[in-house]
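J.: Quick one: the structure is below, questions incoming.
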Amino acid sequence: MTVERTLILVKPDGVRRGLVGEVIARVEKKGYTISALKMMNADRALLTEHYAEHEGKPFFEPLVEFMLSGPIVAIVAEGNRVIEGFRKLAGTTDPTTAEPGTIRGDLARDQGTKVVQNIVHGSDSPESAEREISIFFK
Ligand code: DAT
Ligand code: MG
């Protein structure tokens, strides 16, 4: 059995739209355990570290500005294969084509902005998860 941890963020669009409970409910109903949770305002330094892999891409600056646009909720969820499992719950990056039944597929759409606003972040590997958790929960 591979008990893992993942970092989930409810992004500012999700918080503004009152979807924090909806995201948490989906994670809990799937059977994962929430082991840490906080609402916070990220700052540029923290976001630059978190999104280091995207530095230099055309959507990087809009992504940082978007993530600074309001409070976010940072969550650590635990469970067997939770990293892969939460990515499936979230759906693909582009909310227009994300499968219905997923968080992004059900709750988000492409707004034509420079950065895709898609409600949630989820770590994509065990290495990213541990790195990201240590950034958000120092
Ligand atoms: P994901 O969040 O699905 O892991 P990612 O790590 O590739 O996607 O990108 C981080 C975020 O940046 C993503 O949630 C939305 C935004 N984004 C990614 N690719 C984009 C693109 N080509 N144009 C606009 N925004 C993008
Ligand atoms: Mg990613």
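The values are calculated or read from the model by the stated rules, or taken from the named source; none is laboratory data. Quantities reported herein were computed from a predicted structural model and do not represent experimental measurements. Here the Cβ positions follow ideal geometry from the backbone for every residue, glycine too, while neighbour counts run over all protein chains shown. Accessible surface areas use protein heavy atoms only, side chains included; no ligands, DNA or RNA. Shrake-Rupley method; radii C 1.70, N 1.55, O 1.52, S 1.80 Å.
J.: Of these, Pro58, Pro62, which one is surrounded by fewer than 18 Cβ atoms within 10 Å (Cβ to Cβ), outside any loop (DSSP other than H, G, I, E, B) and not charged (D, E, K, R)? Let's see the steps before the verdict.
T.: Numbers: Pro58 fails: outside any loop (DSSP other than H, G, I, E, B).
Residue meeting the stated conditions: Pro62.
J.: In the stretch 1-28, what residues are part of a loop (DSSP other than H, G, I, E, B) and under 24 Å from Gly105 (Cβ atoms)? Lay out the reasoning, then the answer.
T.: Restricting attention to the stretch 1-28, the residues satisfying the condition of being part of a loop (DSSP other than H, G, I, E, B) are 1-2, 11, 17-19.
Of everything in the stretch 1-28, those that are part of a loop (DSSP other than H, G, I, E, B) and under 24 Å from Gly105 (Cβ atoms) turn out to be Lys11, Arg17, Gly18, Leu19.
J.: Examine the stretch 29-41 for a residue that is within 16 Å of ligand 1 (Cβ to nearest atom), in contact (Cβ under 8 Å) with a residue 60 or more places away in the chain, open to solvent by less than 50 Å² (accessible area, probe 1.4 Å) and not in a loop (DSSP other than H, G, I, E, B), and state whether such a residue exists. Talk me through it step by step, then tell me what you get.
T.: So in the stretch 29-41, the residues within 16 Å of ligand 1 (Cβ to nearest atom) come out as none.
No, the conditions are met nowhere in the stretch 29-41.
J.: Before we move on, is Ser69 closer than 17 Å to Phe136 by Cβ and at pLDDT 95 or above? Talk me through it step by step, then tell me what you get.
T.: On the way: closer than 17 Å to Phe136 by Cβ: no; at pLDDT 95 or above: yes.
No: the conditions fail for Ser69.
J.: Identify all residues within the stretch 1-28 that are open to solvent by less than 30 Å² (accessible area, probe 1.4 Å) and of a type in the set (Asp, Glu); write none if there are none.
T.: Within the stretch 1-28, just Asp13 meets the criteria.
J.: Here's a follow-up. Among residues belonging to the stretch 112-136 that are open to solvent by 30 Å² or more (accessible area, probe 1.4 Å) and within 11 Å of ligand 1 (Cβ to nearest atom), point out the one that is nearest to Gly70 (Cα to Cα).
T.: Start the filter on the stretch 112-136 by keeping residues that are open to solvent by 30 Å² or more (accessible area, probe 1.4 Å), which leaves 112-114, 116-117, 124, 126-127, 130-131, 134.
Remaining after also requiring within 11 Å of ligand 1 (Cβ to nearest atom): 112-114, 116-117, 124.
Values: Gly112: 19, Thr113: 16, Lys114: 17, Val116: 16, Gln117: 13, Asp124: 24 Å.
The qualifying residue nearest to Gly70 (Cα to Cα) is Gln117.
J.: Out of everything in the stretch 65-76 that is within 23 Å of Gln111 (Cα to Cα) and not in a loop (DSSP other than H, G, I, E, B), what residue ends up being most open to solvent (accessible area, probe 1.4 Å)?
T.: The qualifying residue most open to solvent (accessible area, probe 1.4 Å) is Glu65.
J.: Could you list, in sequence order, all residues of the stretch 102-128 that are in a helix (DSSP H, G or I) and within 11 Å of the chain's Cα centre (by Cα)? Talk me through it step by step, then tell me what you get.
T.: Restricting attention to the stretch 102-128, the residues satisfying the condition of being in a helix (DSSP H, G or I) are 103-107, 126-128.
Across the stretch 102-128, the qualifying residues are Ile103, Arg104.
J.: While we're looking at this one, here's another question. Looking only at the stretch 76-101, which residues are of a type outside the set (A, V, I, L, M, F, W, C), within 14 Å of the chain's Cα centre (by Cα) and within 16 Å of Tyr32 (Cα to Cα)?
T.: We begin by selecting, within the stretch 76-101, every residue of a type outside the set (A, V, I, L, M, F, W, C); these are 78-81, 84-85, 87-88, 91-97, 99-101.
Next cut, within 14 Å of the chain's Cα centre (by Cα) only: 84-85, 87-88, 91-95.
The answer is Glu84, Gly85, Arg87, Lys88.
J.: I would also like to ask the following. Is it the case that Gly79 is of a type outside the set (Lys, Arg) and either within 16 Å of ligand 2 (Cβ to nearest atom) or surrounded by fewer than 14 Cβ atoms within 10 Å (Cβ to Cβ) (or both)?
T.: Details: of a type outside the set (Lys, Arg): yes; either within 16 Å of ligand 2 (Cβ to nearest atom) or surrounded by fewer than 14 Cβ atoms within 10 Å (Cβ to Cβ) (or both): no.
No, not satisfied.
J.: Do we have Ala52 as within 12 Å of ligand 1 (Cβ to nearest atom), hydrophobic (A, V, I, L, M, F, W, C), open to solvent by 30 Å² or more (accessible area, probe 1.4 Å) and within 21 Å of Pro126 (Cα to Cα) here?
T.: On the way: within 12 Å of ligand 1 (Cβ to nearest atom): yes; hydrophobic (A, V, I, L, M, F, W, C): yes; open to solvent by 30 Å² or more (accessible area, probe 1.4 Å): yes; within 21 Å of Pro126 (Cα to Cα): yes.
Yes; evaluated as a whole, the condition is true for this residue.
J.: Could you please tell me which pairs satisfy a Cβ distance under 6 Å, a separation of 6+ or placement on different chains, a first residue in the stretch 99-118 that is closer than 27 Å to Glu61 by Cβ, and a second residue that is not aliphatic (A, V, I, L, M) and not in a loop (DSSP other than H, G, I, E, B)?
T.: Lys114/Pro62; Val115/Pro62; Val115/Phe66; Gln117/Asp13; Asn118/Arg104
J.: Another question, then. Going through Glu78, Glu53 one at a time, which residue ends up being over 17 Å from Ile8 (Cβ atoms) and of a type in the set (D, E, K, R)?
T.: Details: Glu78 fails: over 17 Å from Ile8 (Cβ atoms).
After applying the criteria, what remains is Glu53.
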